[in-house]
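Here is the structure we will look at, set down as structure tokens.
The values are calculated or read from the model by the stated rules, or taken from the named source; none is laboratory data. This structure is a prediction, so every number in the text was calculated from the model and none was measured. Cβ placement follows ideal geometry from the backbone for every residue including glycine, while neighbour counts extend to all protein chains displayed. SASA here: full protein model, heavy atoms, side chains in, ligands and nucleic acids out. Shrake-Rupley method; radii C 1.70, N 1.55, O 1.52, S 1.80 Å.
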Amino acid sequence: IEWTINIENIKSNPLYSYKKYKILKKFLKENPIDIQSVTCDFFMQKPFFKKEKNFSSIKILKKVILFTKKLGIKYIIIPLVDNSKIENKYQEENLINVMKNLSKLLGKSQKFLFEIDYSPTQTLKFIKRFNSKFGINYDTGNSACLGHDFQKEKLYFKYVYNIHLKDRLYKGKTVRLGKGDFDFKRFFNYLKKINYSNNLILQTARSFNDIKEMEININYIKKFL
């Protein structure tokens, strides 16, 4: 399961509250559930690099690093899309400087993964500014929505450690897998070619019957595995 952290009710989130963390730790010991990644949606709600003295997301992120390290969670995803998209050079430099400093708090096997809406060439240039404590979270739906050319996205795929499986219409909404504009057949053929063995996370369109929707999406993906 990929854990999502929102700003809403943050004080009761087990990756922010020590009391709740102890409950989660006990639960994970008693149940065969693996959490390898967390996605920091609070970053979209409170992007520190857009305003001076707006440090609430940094404070939250420090706690997230602490608790994910204790739980052995490898990947901390930093979304740089929608409200937290980078809009100018100042914001980019501010983000890079702070994230490099925060990476010193990471555990030995942990990484920050950026989910970013830059073009493929911009993404490659961006991630090359970081060391091995950083990588990319690739989102198939965002790629389709933005109209990116997958042939060019291959440029940075050696930096991809986590993939969100989602389908979206070009410049449109999230839809059931196979109903949007992402070419999953070509994508999975490429993953086989490069022997991709990292995470695949279902981040699909919501439904009134989530369990049934999950089964439909899993069966769709199984065709390509």
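Overview of values
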{"item": "Residue within segment 123-139 that is modelled with pLDDT of 95 or more, assigned to a helix (DSSP H, G or I) and not hydrophobic (A, V, I, L, M, F, W, C) present", "result": "yes"}
{"item": "Restricting segment 11-60 to residues that are acidic (Asp, Glu) and part of a loop (DSSP other than H, G, I, E, B), the residue that is farthest from Val81 (Cα to Cα)", "result": "Asp34"}
{"item": "Qualifying residue in segment 149-172 (condition: open to solvent by less than 60 Å² (accessible area, probe 1.4 Å), assigned to a loop (DSSP other than H, G, I, E, B) and touching a Leu at 6+ places or on another chain (Cβ under 7 Å))", "result": "no"}
{"item": "Residue selected from segment 19-55 under the condition modelled with pLDDT under 90 and farther than 25 Å from Gly135 by Cβ, by the criterion least open to solvent (accessible area, probe 1.4 Å)", "result": "Asn54"}
{"item": "Residues of segment 180-205 classified as assigned to a loop (DSSP other than H, G, I, E, B) and either more than 20 Å from Glu2 (Cα to Cα) or in contact (Cβ under 8 Å) with a residue 24 or more places away in the chain (or both), total", "result": "11"}
{"item": "Per-region count, segment 56-79, residues modelled with pLDDT under 90 and closer than 26 Å to Val160 by Cβ", "result": "1"}
